[in-house]
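**Q** One structure coming up, written as C-alpha cells, with questions to follow.
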Amino acid sequence: MTDLPLELLLLIFDNVLVRTLSSLSLCSHQIRILVFPLLYRHVVFRNGKELSQFSSRIISEANGENLIDELRVADHVHDLAFRDADYSEDEFALLASALQHMKALRGLTWLGWLPRDPTIFSAVQTTCKSLQNLSLHLAKTYFDDDDNDYTSTLFGFKGLTRLDVSTRFMFLDSGKLSSSMVDMIKASPNLIALDLSLDAAKWDIDTLFQSIHIAPTTLRLRKDAALGLHAFSDSTKPTPFRSFLLSHHDKITSLALPAPQEDFAHPPSLNLPPDMLPVLREFEGTIYWCSQLSKLQVASKLESLTVLSDPALDRWDMFVEALRAFSALKALNVFAGQRYLSAQQLKVIIENTPHLECLTFTFSTIETAHTIGSQLSCLNLRVLAAHNLPCTGSLGAEEFVRTLAQYCASLVTVQDLDRRQVTTILRKEGEEHFEGCPPTKVNLQ
C-alpha cells in the first residue's frame with residue numbers, strides 16, 4: 001500500500017471509517033503518520049470518562065509527555081461533539097485547560113440536555129477564536145427569562161459561518177427569539193448556513209429578518225417558526241422576510257420553510273418572480289410550498305425534496321401536480337414519520353420521478369414487501385429509507401429485503417429508520433449483510 005502515490009493514499013484514508021483508520025495506523029510507521037490527523041479530526045464524547053481521558057492526553061502532550069513521532073492530537077482536532085451525558089464541573093474544567101492547545105478547532109456540537117453550568121461554552125468562546133461552526137441540539141433550555149445569564153453565555157458566540165439550533169421545550173416571550181440568539185446571528189454577518197428548528201415556540205420570522213443582515217446559501221426555518229401568508233404574498237408591501245428573499249435568493253442552494261400560519265381552503269399565490277431561486281437544489285416544506293415552488297423555473301433543476309404533512313392543507317392532488325414539475329429529482333422524502341404512504345400513492349410518485357435514486361417514506365400497515373416492491377420494479381432506485389417497515393426480528397427483516405431486491409434490481413441500500421438498521425445488498429457476491437444491530441448475513445439465492 002505504501003507504494004501508492006501519497007495523494008491516492010490520502011484519498012483512500014479520507015473515505016474509510018474511523019475504526020478502520022485505527023487499525024490501519026498499526027500497519028506501519030509511515031501509514032500511522034498519514035492516518036493520525038484523520039483519527040482525531042472529529043472527536044465525540046459519550047460520557048465524562050472519555051472527556052477526561054481526552055483532555056488529559058491533550059495537556060500531557062502539550063507538556064511534551066507521551067509523544068510518539070512528535071504527533072500531537074490537539075493539532076488535528078477540528079470538531080468536538082458532546083453526546084447527552086452528565087458531565088461534571090471537574091471534567092469541564094479539565095477540558096477548559098486543554099482547549100488552549102486546540103488551535104485548529106473549528107466546530108462545536110452539543111446533543112441533549114444542557115449542563116447545569118454554561119461556563120464550558122464561555123471557555124470555548126474565550127479560547128477558540130477560530131470557531132466557525134456551532135450546532136446545538138438541545139432537549140431542554142432555560143429561556144423563560146430573556147435576559148438571564150445562562151442564555152447570554154450559551155449564545156455568546158461570534159463570527160460563525162454555520163449555525164444550527166434545534167430545541168425542545170423552549171420558552172419564549174411574546175413570540176420572539178431570545179435576544180441573545182439574535183445578537184449571536186447579528187455578530188456573525190458571514191453566516192453561510194442558518195438552521196433554526198425550534199419546538200413549542202411560535203416565533204416570528206419577519207421580526208428576526210428585520211434585524212439581521214446575512215446572505216446564506218443554506219437557510220432552514222422549521223417547526224414552530226411563524227410565517228403569515230397574507231402578508232408574505234403581498235408584493236406591493238414586502239415583509240422583511242420577503243425582502244430578504246428577493247435580495248439574496250440567487251445565493252440559496254438549500255431552503256426549508258415552516259407550515260403556513262393560516263388555514264386556507266384556497267391558499268393565495270405568492271406572486272414570486274419566475275426566475276427566483278436559480279441555484280436552489282434542495283427544498284423542505286409542506287404541500288403548499290411545493291406547489292408554489294413548482295411554478296418557478298428552478299423546479300426542473302431541483303434534486304432533493306422533503307415534503308411535510310400539513311393538516312390545514314393536506315391535498316394529495318396539489319402535491320402530484322407539483323411533483324410533475326420536479327423532473328430532475330434524485331432524492332425524495334414524502335411525509336416520513338408523519339403519515340403513511342400507500343402502494344397506489346407510491347406508484348404515482350414513481351411515474352412522475354424517473355430519475356429518483358433515494359426514497360424515504362412511512363409504510364402503510366396494510367402494505368407488504370410485495371405490494372411496495374412491485375411499484376419499484378421500473379425505478380432506478382438505489383436507497384430506500386422507511387419508517388414502519390413490515391418486518392419483525394432478523395428473519396423478518398431478511399425476508400423483507402430479499403423480496404425488495406427481487407423486484408428492484410438497482411437497489412443497493414435499505415434503511416430501517418425505526419430500528420436504525422442498514423442493509424447493504426451485495427449482488428455480485430450473492431449475499432446481503434446488515435451493518436447495524438444485529439449484524440447478520442443472508443444469502444439472496
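**Q** Can you pull out every residue in region 275-300 that is at pLDDT 95 or above, hydrophobic (A, V, I, L, M, F, W, C) and under 19 Å from residue 360 (Cα atoms)?
**A** The one that is at pLDDT 95 or above, hydrophobic (A, V, I, L, M, F, W, C) and under 19 Å from residue 360 (Cα atoms): 283.
**Q** Only one of (1) surrounded by 19 or more Cβ atoms within 10 Å (Cβ to Cβ); (2) under 26 Å from residue 356 (Cα atoms) is not met by residue 304, so which one is it?
**A** Of everything listed in (1) surrounded by 19 or more Cβ atoms within 10 Å (Cβ to Cβ); (2) under 26 Å from residue 356 (Cα atoms), residue 304 misses just condition (1).
**Q** Now for a separate question. Here is a list of conditions, (1) closer than 26 Å to residue 88 by Cβ; (2) open to solvent by less than 10 Å² (accessible area, probe 1.4 Å); (3) at pLDDT 85 or above, and residue 167 meets all of them except one; can you say which number that is?
**A** (3)
**Q** Within region 231-255, take every residue that is hydroxyl-bearing (Ser, Thr, Tyr) and either in a loop (DSSP other than H, G, I, E, B) or open to solvent by 50 Å² or more (accessible area, probe 1.4 Å) (or both) and give me the one that is nearest to residue 206 (Cα to Cα).
**A** Within region 231-255, the subset hydroxyl-bearing (Ser, Thr, Tyr) is 233, 235-236, 239, 243, 247, 253-254.
Now restrict to residues that are either in a loop (DSSP other than H, G, I, E, B) or open to solvent by 50 Å² or more (accessible area, probe 1.4 Å) (or both): 233, 235-236, 239, 247, 253.
Values: 233: 13, 235: 15, 236: 16, 239: 7, 247: 15, 253: 21 Å.
Result: 239.
**Q** For region 93-135, which positions are without any contact (Cβ under 8 Å) to a residue 12 or more places away in the chain and open to solvent by less than 40 Å² (accessible area, probe 1.4 Å)?
**A** Correct list: empty.
**Q** Answer yes if at least one residue in region 323-344 is hydroxyl-bearing (Ser, Thr, Tyr), open to solvent by less than 50 Å² (accessible area, probe 1.4 Å), free of Cβ contacts under 8 Å to residues at least 60 places away in the same chain and in contact with a Phe, Trp or Tyr (Cβ under 9 Å, 6 or more places away or on another chain), and no otherwise. Talk me through it step by step, then tell me what you get.
**A** First, pick out the residues of region 323-344 that are hydroxyl-bearing (Ser, Thr, Tyr): 327, 340, 342.
From what's left, open to solvent by less than 50 Å² (accessible area, probe 1.4 Å): 342.
If we keep only those that are free of Cβ contacts under 8 Å to residues at least 60 places away in the same chain too, we end up with 342.
Next, from what is left, pick out any that are in contact with a Phe, Trp or Tyr (Cβ under 9 Å, 6 or more places away or on another chain): none.
The answer is no, given that none of the residues of region 323-344 is hydroxyl-bearing (Ser, Thr, Tyr), open to solvent by less than 50 Å² (accessible area, probe 1.4 Å), free of Cβ contacts under 8 Å to residues at least 60 places away in the same chain and in contact with a Phe, Trp or Tyr (Cβ under 9 Å, 6 or more places away or on another chain).
**Q** Of the conditions (1) of a type in the set (A, V, I, L, M); (2) over 24 Å from residue 132 (Cβ atoms); (3) out of contact with any strand residue (DSSP E or B) (no Cβ under 6 Å at 6 or more places or on another chain), residue 215 satisfies every one except a single condition; which number is it?
**A** For residue 215, the exception is condition (2).
**Q** Just a yes or no: is a residue in region 289-300 within 22 Å of residue 229 (Cα to Cα), under 22 Å from the mean Cα position of the chain (by Cα) and either open to solvent by 40 Å² or more (accessible area, probe 1.4 Å) or in contact (Cβ under 8 Å) with a residue 40 or more places away in the chain (or both)?
**A** No.
**Q** Of all the residues that make up region 33-69, how many are open to solvent by less than 60 Å² (accessible area, probe 1.4 Å) and touching a strand residue (DSSP E or B) at 6+ places or on another chain (Cβ under 8 Å)?
**A** 5
The values are calculated or read from the model by the stated rules, or taken from the named source; none is laboratory data. Since the model is a prediction, treat every value here as computed from it, not as a measurement. Positions of Cβ are backbone-derived with ideal geometry, glycine not excepted, and every protein chain shown enters the neighbour counts. What goes into the accessible areas is simple: the full protein's heavy atoms, side chains included, and nothing from ligands, DNA or RNA. Shrake-Rupley method; radii C 1.70, N 1.55, O 1.52, S 1.80 Å.
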